[in-house]
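Novice: Input: one structure, supplied below.
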Amino acid sequence: MKRNNTIVPILLLLLASQSLALYKIDYPNFKELKELHYETRLKDSGKVIFREEVNIALANFDGQEFLFCSALSRGKTIREGEIYRFTKSYYAIDENNRLSTYAHEVTTSLEGLPYQSFQLDYDWDKNQASYNFQDLKKKKSISRTITLDQQTIFARDTTLLFPSLILNKVREEKIRMVLPTGHIFKVIAAISYLPEEFTIGGKKIDCYRIEMKPDFPLLTLIAPKITFWYLAAPPYNFVRYEGPLAGPFSPTVIQEQVF
């Protein structure tokens, strides 16, 4: 992880919004999260194909406090076999307990061998992020600079962004979503505050639904349906996902928290 001694604001515009590419977002409930577990299964058959363990802790580097999230996902892909993916995410915490994305690191192994890796480092002084990707199987690498604006987030940041939006009763948010491949898609997240009850692991819970759709009318007609559910009470954490496994033509899966 690259380390800067300070993470400071550079645009007054950034101070006017809650989401802001995970820059100084208001989500004080992050301190309630310690450990989360999820299972992903095929919707048609109910077969479990992935399991994920998420650990959340506070850390300190060079006097700067961070929220550190590590996630280990393991399972089997339909075509390629056994896969392990380890994700490390760092969020700087300011004096008001607001979070700013600092870095993401993802490493993937396939059938026990290193396969892919990427790193995303944020520089809020320059309002940009550096993206570095390696595919060891295909022997290729990609490096690029991503310009950050009020709507840019990495896909995994939704697990903190969405609770913040719920906390602040936001009903719709436009997002520039950065994928691990480096591709960026414009989407709209629409939040329904009508509680929906689910029974998961024998436990009844109320959730708020968040629907994601392309920020382009024509694509909305052909894009697969993508829906998230977040707990309707603090800490508003991610509970359920239903949508494609990996893209428009991939199988529909359901990912749920395991209690």
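Novice: Taking the chain as a Gaussian network, Cα atoms linked when under 10 Å apart, which of D121, D26, D94 shows the biggest mean-square fluctuation?
Specialist: D94
Novice: For the charge dipole of segment 12-257, defined by +1 on Lys and Arg C-beta atoms and -1 on Asp and Glu C-beta atoms about the Cα centroid, which residue among L231, Q119, S164 has the Cα displaced farthest towards the positive pole?
Specialist: Q119
Novice: Just from its helices, what would the mean residue ellipticity at 222 nm be for the chain, if runs of 4 or more DSSP H residues each count -39500 (n - 2.57) and the sum is divided by every residue, rounded to the nearest 500 deg cm²/dmol?
Specialist: Here the helix-only value at 222 nm equals -1500 deg cm²/dmol.
Novice: Which lysines have a Cα less than 23 Å from the Cα of K174, not counting those fewer than 8 places away in the same chain?
Specialist: Cross-link targets: K24, K126, K186, K213, K225.
Novice: Determine how many Å³ per residue the convex hull of the Cα atoms of segment 67-220 encloses.
Specialist: 168 Å³
Novice: Now a separate question. How many times 2.2 N^0.38 Å is the alpha carbon radius of gyration of the chain?
Specialist: My calculation over the Cα atoms of the chain gives 0.99.
Novice: May I pose another question? Of T87, T101, T199, which is the most mobile in a GNM of the chain whose springs link Cα atoms less than 10 angstrom apart?
Specialist: For the chain, modelled as a Gaussian network with Cα springs under 10 Å, the answer is T199.
Read-outs: derived from the displayed coordinates by stated rules, not from any lab. Remember, it's a predicted structure, so these values are computed and weren't measured experimentally. All Cβ positions, even for glycine, are placed from backbone atoms using ideal geometry, and neighbour counts span all protein chains on display.
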